[in-house]
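The values are calculated or read from the model by the stated rules, or taken from the named source; none is laboratory data. The shown structure was predicted, so the numbers you read here are calculated from the model rather than taken from an experiment. Positions of Cβ are backbone-derived with ideal geometry, glycine not excepted, and every protein chain shown enters the neighbour counts. Side chains are part of the model used for accessible areas, which takes the heavy atoms of the whole protein and leaves out ligands, DNA and RNA. Shrake-Rupley method; radii C 1.70, N 1.55, O 1.52, S 1.80 Å.
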Amino acid sequence: MPFTLHGLPVSQGIAIGHVHLVSHALLEVNHYHVAPKHLKDEIERLNDAIATVQGELVGLKAATTSGQAHSEVGAFVDLQMMMLADPMLTDTARELIQSRGCNAEWALVQQMEQLVDQFRQIEDPYLRERQADVVQVVERLVKVLLGHPGHLPPKRRDGLGTIIVAHDLSPSDTIGFRDHNISGFVTDVGGPTSHTAIVARSLKIPAVVGLHHVRDLVEDDELVIVDGTRGIIIVAPDEHIVEEYRLRRSELEIERSKLNRLRDTRATTLDGEVINLLCNIETPKDMAAVKTVKADGIGLYRTEFLFMGRDALPDEDEQYEAYRTVVKAMPDKPVTIRTFDLGADKALDRAHSRVEPNPALGLRAVRFSLAEPKMFLTQLRALLRASVHGQLQIMVPMLAHAQEIDQTLKLIEKAKAELRADKVKFNESVPVGGMIEIPAAALALGMFIRRLSFLSIGTNDLIQYTLAIDRTDEAVVHLYDPLHPAVLKLVAGTISAGARFGMPVSVCGEMAGDPEYTLLLLGMGLRNFSMHPSNILEIKQQVLRADLGELAPRVQRILKMDEQARVREAVERLAL
Ligand code: PEP
Ligand code: MG
């Protein structure tokens, strides 16, 4: 019997496909069969994980002998090293992969269960307790294995895609889907501005999040329809429902192709003001979509995705290549590259990350960069080197304090001095701007305006921090409201301060790509909108219908309102 589940629509479109259950809960791993031709790779994957865990344990052991960690830890480390070297665990797991085609995680967990059972039978309490060490060592291995994208099912022959169903997905998992035939994804948790949702939109994968217990309600390989526009999934649909959704999918495609006619039209308001519509990208691969919509530049390149989901950090040359590719693809157009915004839900490496009491308020973005000056300097050198190829601008995320920008500017000077000494060319006057995404920054703009060349409002975080709503937590997502009067005051205040001091201001949060807010932002005086490429044409359509002379006074009146419901109603009326 078909049934429907309701969640939050975070990435538009309709996907019809078969479920692939993904689990990231440790030891509650995904079970799947690996095709015979991939068995060697799967064993290699296990071997790599074993080597990584061996390295971790050697590091831990060294910390105990040098006094940086408790000496009792040493004994456990020795035991775990023994378990890891024990052929009963790892050789048998390899054997399970080879003979039965199990994926590495599944093979490990099966063998772990066998060993734990044997330990349970032992009389001696000390030896019986050793079952915990087997579990821990397998947990370590599974963690490392899950840190990699792993194997996704091969392309299906029936023309239908794969729908990823997970409790949660990290942005690096999502980015890992880029090269696979994934047509939709659904998760138990998450909100519309979580980074995972943003990546889904960037991959144009229909997605529904916040479905609570979806993983328990669907089965591997079951047919589902994901309606990313309405936020529902239909499980086990019959032929009629599938047919109806196929029709709806083609209607959506027709609407999109109508919008495509606006590709070559300049975004100009009815009263003749030219509006810049720029793109947000996550990797140089997104440039194809940017070119298709003929954007006016890149307003936000989220470079942290270059650092995530991999073992070793990208070196200066690899970064330079990525930045140069993007800059060269946009001749004569601005390309704003944000320094890595790592931390919070974009952790560098899940397996090694420190447990933080409150990641969104922790060592994130520029705070993380300044805590890792060597890594930061490498990026700044790469950015400066790429600056000779076009209009590159450097943007710093999550500023709240003047000293953060002072220290960053000092590091940029250091990078410049090093490059001069090495006789490497760069643009001496590369503009440096900052993101306004913490309320403190929006309320103390002077110190940023004095030090920087441009500002960009990150409404995703600005809303999160103003309203104290975790953007990744679906339990509070109904309170995440871009039209809260406090949010509007901070956004409007930043736009008007920019105009007063002649400083360019853009909005690069999701608000800029949502047609519901275009007229409001235009009326506040915004002239630079940066968004996902798939939103450009729809926002252009809004701009072409706008009359700024008429909008500005109406928006001023909205900014004086302090009841959310009245604000919403007045914003809706702007379009009439
Ligand atoms: C924002 O916070 O609005 C923003 C654009 O940055 P990110 O979504 O990458 O945090
Ligand atoms: Mg942000």
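Below 8 Å, C-alpha to C-alpha, sequence gap of six or more: please give me the relative contact order for the stretch 504-576 in percent. Each step should come with its number before you reach the end.
Values: 71 pairs, mean separation 25.2, N = 73.
This gives 35 percent for the stretch 504-576.
When shorter helices are ignored and each DSSP H run of at least 4 residues is given -39500 (n - 2.57), the per-residue value for the chain at 222 nm works out to -14500 deg cm²/dmol.
Placing unit charges on C-beta atoms (Lys and Arg positive, Asp and Glu negative, everything else neutral), compute the dipole magnitude of the stretch 473-576 about its Cα centre in debye, rounded to 20.
Values: 11 positive and 13 negative charges, 119 e Å.
Its charge dipole is roughly 560 debye.
Working out 0.36 nm times the residue gap between Ile241 and Phe501, then minus their Cα-Cα distance, what length gain in nm do you get to one decimal? It would help to have the intermediate numbers written out before the result.
On the way: separation 260, 0.36 × 260 = 93.60 nm, distance 5.66 nm.
Full extension from Ile241 to Phe501 adds 87.9 nm.
To the nearest 10 degrees, how steep is helix 373-386 against the longest Cα principal axis of the chain, on a 0 to 90 scale? Here the helix axis deviates by roughly 50 degrees.
Only Cα pairs under 8 Å and at least 6 apart count here; give the relative contact order of the chain as a rounded whole percent.
On the way: 1078 pairs, mean separation 84.0, N = 576.
Normalised by residue count, the contact order of the chain is 15 percent.
Think of the chain as a dipole: +1 on every Lys or Arg Cβ, -1 on every Asp or Glu Cβ, centred on the Cα centre; then among Ala444, Thr265, Leu57, Thr265 lies furthest on the positive end.
Close amide H partners of Gln393, meaning residues 5 or more places away or on another chain with modelled amide H under 5 Å apart, are Val335, Thr336, Ile337. The distance from the alpha carbon centre of the stretch 522-573 to that of the stretch 342-421 is 33 Å, rounded to a whole number. Legend: calculated FRET efficiency, Arg248 to Ala417, from the Cβ-Cβ distance at R0 = 45 Å, rounded to 0.05, equals 0.15. Note on Ala475 and Lys285: the model spin-label points, each 7 Å out from Cα along the C-beta direction, lie 3.4 nm apart.
State to the nearest 20 debye the size of the charge dipole of the chain about its Cα centre, where the only charges are +1 on K and R beta carbons and -1 on D and E beta carbons. Display every interim value, and only then the final one.
Working: 64 positive and 78 negative charges, 564 e Å.
I would put it at about 2700 debye.
Computed over neighbours whose Cβ is under 13 Å from that of Thr92, the net charge equals -2, Lys and Arg +1, Asp and Glu -1. Under 18 Å from a point placed 7 Å out from the Cα of Asp332 along the Cα-to-Cβ direction: which residues of the stretch 281-322 have their backbone N that close? Answer for this model: 291-298. In plain terms, the chain from Leu79 to Ala468 could stretch by 135.6 nm, reckoned as 0.36 nm per residue minus the Cα-Cα distance. Between Leu270 and Arg450, the modelled labels are 4.4 nm apart [label points 7 Å from Cα along Cα→Cβ]. Across the cross-link table entries Lys40/Lys374; Lys204/Lys425; Lys346/Lys414, which are compared at the Cα atoms, the separations over 32 Å belong to Lys40/Lys374; Lys204/Lys425.
Within a straight-line Cα-Cα reach of under 16 Å, Lys61 can be paired with the following aspartates and glutamates, leaving aside sequence neighbours fewer than 8 residues apart in one chain: Glu72, Asp78, Asp133. Site pair Gln54 and Glu318 shows an inter-label distance of 2.3 nm when each label is modelled 7 Å from Cα along Cα→Cβ.
Ignoring ligands, DNA and RNA, what percent of the 1.4 Å accessible area of the chain is carbon and sulfur? Carbon and sulfur: 54 percent of the exposed surface of the chain.
When His33, His38, His240, His20 are compared by accessible area of protein heavy atoms, the largest-first order is His240, His33, His38, His20, using a 1.4 Å probe.
With θ taken as phi - 60° and the Karplus curve 6.51 cos²θ - 1.76 cosθ + 1.60 applied, the whole-hertz 3J(HN,Hα) list for the stretch 336-345 is 9, 10, 8, 5, 3, 9, 8, x, 6, 7 Hz, x standing for glycine and proline. The slack between Arg230 and Arg573, meaning 0.36 nm per residue of separation minus the straight C-alpha distance, is 121.2 nm.
Residue-wise HN-Hα couplings along the stretch 498-512, as the Karplus relation 6.51 cos²θ - 1.76 cosθ + 1.60 with θ = phi - 60° gives them from phi, are x, 4, 4, 9, x, 10, x, 10, 10, 10, 10, x, 4, 4, 5 Hz; Gly and Pro carry x.
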